[in-house]
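Every number here is computed from the coordinates shown, using simple stated rules; none is lab data. Note that the structure is predicted; figures quoted are calculated from it, not measured. So basically every Cβ, Gly included, is an ideal-geometry build from the backbone, and we count neighbours across all protein chains shown.
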Amino acid sequence: MGLEVVVRPVVFPNIRPATPRVLATPDNPDQGMVVLGGGGSTFVGTSYSYSYSYSTSKPHKEKKRQVDKKRVYQKEDDGTIKRENFVDIEQMKKVLLEGGKEPQRIVYGKYPDDDNVEVLESDITKTSDQN
């Protein structure tokens, strides 16, 4: 003879909340009717906008410049300067520009000299017809 097990389901009380009751609304003749009203003869439409921009620029032209004539010698990685190898340059210090919205404009460019640069001539003024 074997061992038999009898399983009986246990019934628990209902633990879920009950659905709320729906009460009938009192009688109202306007209920369920849509009433459309207006505020007069106004036009209802979507908005529309646009934007337009136009810009021109007149380039500046060089009228006059001030330069320094310099000689730049070759400098090795260890710091020694070879005086037999050099390049002569004109380094711009000031430039006078005209045109555009401003009548005249002066632009300065100041550069420090290294130990391998020698100034040959200073403050040479050139006009635009000399370039």
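Grab the other residues whose beta carbon is less than 9 angstrom from that of residue 71, score K and R as +1, D and E as -1, and report the net.
Result for the neighbourhood of residue 71: 0.
Mind listing the phi-derived Karplus ³J(HN,Hα) values for the range 66-75, rounded to whole Hz, using 6.51, -1.76 and 1.60 with θ = phi - 60°, and x for any glycine or proline?
10, 10, 10, 8, 10, 10, 10, 8, 5, 10
For a test of understanding, tell me how many lysine pairs in the range 61-130 have Cα atoms under 13 Å apart, given they are 8 or more places apart or on different chains.
13
Suppose every Lys and Arg Cβ carries +1 and every Asp and Glu Cβ carries -1, with no other charges. What dipole size does the range 61-130 come out with about its Cα centre, to the nearest 20 debye?
Roughly 580 debye, rounded to the nearest 20.
Using θ = phi - 60° and the Karplus curve 6.51 cos²θ - 1.76 cosθ + 1.60, what whole-Hz ³J(HN,Hα) does each residue of the range 90-98 get, with Gly and Pro shown as x?
10, 9, 6, 9, 9, 9, 9, 10, 9
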